[in-house]
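Quick notes on the structure that follows.
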Amino acid sequence: MREPPSNRHSSRGARGTNRVDPVRKVAEISALAILVIELAVILGRISTSIDGWRDVVWMVPAAFLGVLLTDFISGVVHWLCDTFGDETTPILGRHLIAPFREHHRAPGAMTQHGMLRVNHNNCVGIVIVLGVCLWLDGPEPDGPVFGYTFLLAFACAVYLTNTIHRWAHQSQPPAVARWLQRLGLAITAAHHARHHVAGRGSYCITTGWLNPLLDRSQVLLVLERAGGRRRRAGGRRPMRRIDD
Ligand SMILES: [Zn+2]
Ligand SMILES: [Zn+2]
């Protein structure tokens, strides 16, 4: 299979961005540690809440919906960051929009970063969401298995979204990535290349399940026009075609 265009710039832009900042490293490790604790708490609540096979069966659609929601959110956030604002936008510009813009200028750069760094923003976001959910659930949990499973799948998928995205840019992703891609549980390089070739569309970067629906309905394009602003990610340069 030909390498997608997004893999051809694997080192451009990566140089000079891999210096280890000890403060950032501590923040990345701390966020992941908190996430692991939160996931363990949810797993514990699932195990104590299961009451027969019926609950076990309902865990399957719950997990599916959790991953589906993640795919949708990945697409909406990606679209917003590619389309509106720029690196100088207050609050969100530096931490949320800039990585997406950098990714279009140097798509392969993310393959040079470690897992902690690639997933850190998503890790912080999902740690906050789980923290709020667990706090609302209270110390004496009595939630349904369906809800806990949904939350567990959602959290895992959110955390792994950028790892999955990175796999789509690697010329030789690990065996587990290729297995998940074959099962349709992780977006493939060929699927994701559509976004980088066109510079728009196919914004979902977890499984890509919702890309056909969002692209055909053109709902995001309609919202862009309603918003009255359009900025193509990575500037206004056209993306290289896959067969250039
Ligand atoms: Zn993009
Ligand atoms: Zn990409």
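Things to note:
- Residues being within 11 Å of ligand 2 (Cβ to nearest atom) and within 16 Å of Val67 (Cβ to Cβ) - total across the stretch 171-190: 1
- Pair list, Cβ under 8 Å, 6 or more apart: the stretch 190-201 residue of a type in the set (Gly, Ala, Ser), other residue within 11 Å of ligand 2 (Cβ to nearest atom) and part of a helix (DSSP H, G or I): Ala193/Pro5; Ala193/Ser6; Gly199/His104; Gly201/Arg194; Gly201/His195
- Of all residues in the stretch 103-113, none are out of contact with any Lys or Arg (no Cβ under 9 Å at 6 or more places or on another chain) and either over 19 Å from Gly208 (Cβ atoms) or of a type in the set (A, V, I, L, M, F, W, C) (or both).
- One residue from Asp51, Asp86, Asp55 being part of a loop (DSSP other than H, G, I, E, B), surrounded by fewer than 18 Cβ atoms within 10 Å (Cβ to Cβ) and touching a helix residue (DSSP H, G or I) at 6+ places or on another chain (Cβ under 7 Å): Asp86
Read the figures in this text as sums done on the coordinates, not as results from a lab. Given the structure is predicted, the values throughout are model-derived calculations rather than measurements. So basically every Cβ, Gly included, is an ideal-geometry build from the backbone, and we count neighbours across all protein chains shown.
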